[in-house]
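One structure below.
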Amino acid sequence: MIWLRYALLLSIFPAYVIALSHRRWTTIPLWLVSGAVMVVQLALNAKPNLTFADGTAPSAFLYFVETIKIMLIPVAVQFAVMLKASQSRVGDRAGDAPRTLIANWNAGEF
């Protein structure tokens, strides 16, 4: 089960790259991978007899901190994508303003 956890953690990087593309719904793979990592963390936390190679058992605080770190990634990427989309919409409208002004000026409505 631990190998699955590390495989999922490594799959966050390709999902991150996909999420940063400028298409709709591209953050979904990142949310799915992050959710799967959380489920695997929960499954590992449910096993009370799990120990590391040195004989120590992981603490619940460690799992909590890892979960927070994992879920901060898709939240930050989603926020960045939304911010970039809103800036591009504002930029598109700003580009239309001079054309509208010139058209109004030529029509004598100014």
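Some observations on this one:
- 20 Å cut-off, amide nitrogen to a point 7 angstrom out along Lys84 Cα→Cβ, residues in the stretch 1-37: 11-34
- Footprinting exposure proxy ranking of Trp3, Trp31, fewest other C-beta atoms within 10 angstrom first, gives Trp3, Trp31.
Taken together, the values in this text are just the output of simple stated rules run on the coordinates, not laboratory data. This one's a predicted model, so the numbers in the text were calculated from it and none came from an experiment. Glycine gets a Cβ as well: all are built from the backbone with ideal geometry, and neighbour counts include every protein chain shown.
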